[in-house]
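Working notes for the structure below.
Each reported figure results from applying straightforward, stated rules to the coordinates on display, with no laboratory input. In this text the structure is predicted, and so the values were computed from the model without any measurement. Backbone-built Cβ (ideal geometry, glycine too); neighbour counts: all protein chains shown.
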Amino acid sequence: MLKLAPSLLAADFSTLGQVVKETADAGADMLHIDIMDGHFVPNLTFGPDLVKAIRLHSNLKFDVHLMIENPDLYLKAFVDAGADIITVHVETCTHLHRTIQQIKALGAKAGVVLNPATPVNLLEPILKDIDMVLIMTVNPGFGGQSFIPQSIDKIKRLKKMITNNGPCTIDIQVDGGITLDNVQDVINAGANVIVAGSAIYNNQALSDNIKRFKEAMYAANA
Ligand SMILES: O=C(CO)[C@@H](O)[C@H](O)COP(=O)(O)O
Ligand SMILES: [Fe+2]
């Protein structure tokens, strides 16, 4: 199933409650929330209190992308704040299996993220334990960067690995530099959850952007 997850990082921070409501009304499937700590990535964004505050404005699934060191310390805070899916970077988890079990024990779905230079075969031992893999298609830390073209082969390798692992329902999410020009390429390669920030929140109408993205997504999968 194809899903569109607009990334709040590119939205107008002065009206976040309203943005979240409009994003849901316009037909987004999830809301992607980028959490950055200034250590794992060279940028700072939101914490659990912000997630809790915007939770009041919609029932959208909250997809929380943790770009933070020591993620185990904050899992409960983000689930309590309203996260439905928590995604952790393999590069930040010394005990990845334990972190995944903790996310699930808290009642959230568990996702795992790979930086562009991290190979997919690292996921083989935990593939049966996760709900989603996120392939970073830029280096994490900032919105508005250009898509890394080698990501297409990486998505294909991941898709093959998941298929060879037997019947399962792991979502393949992509994040970074996704536009109307490349969204069909990533879907044809095997991705089904599309994160887009600057291509969704920009000077054009939010509802038009979401409509155009969903049309392009479903046309790719036809
Ligand atoms: O996690 C990140 C960046 O680290 C992303 O979620 C960005 O927010 C995507 O923004 P665009 O590349 O679509 O502008
Ligand atoms: Fe993200």
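For segment 93-164, what is the convex hull volume of its Cα atoms per residue in Å³? Could you put the intermediate results ahead of the total?
Numbers: hull volume 7.3 nm³, N = 72.
Here the figure is 101 Å³ per residue.
For Ala196, nonlocal amide neighbours, meaning residues 5 or more places apart or on other chains whose placed amide H falls under 5 Å from its own, are Ala5, Ser7. In order along segment 146-162, the phi-based Karplus estimate (6.51 cos²θ - 1.76 cosθ + 1.60, θ = phi - 60°) of 3J(HN,Hα) comes to 8, 3, 8, x, 4, 4, 4, 5, 5, 4, 4, 5, 5, 4, 5, 4, 5 Hz; Gly and Pro are listed as x. Counting other Cβ atoms within 10 Å of each Cβ, which chymotrypsin sites (Phe, Trp or Tyr not before Pro) in segment 61-123 have at most 15 and sit in a DSSP loop? In loop regions of segment 61-123 (DSSP not H, G, I, E or B), there are no sparsely surrounded chymotrypsin sites (Phe, Trp or Tyr not before Pro).
Sorting the segments 134-140, 202-208 by their mean number of nearby beta carbons within 10 angstrom, highest to lowest, gives 134-140, 202-208. Beta-bridge orientation, segment 1-153: approximately 5 percent antiparallel, per DSSP, counting only bridges with both partners inside.
Across the chain, C-alpha contacts under 8 Å between residues 6 or more apart give a mean separation that, scaled by the residue count, equals a relative contact order of 21 percent. Semi-axis lengths, largest first, of the ellipsoid equivalent to the chain are 24, 22, 16 Å, with √(5λ) applied to each eigenvalue of the Cα gyration tensor.
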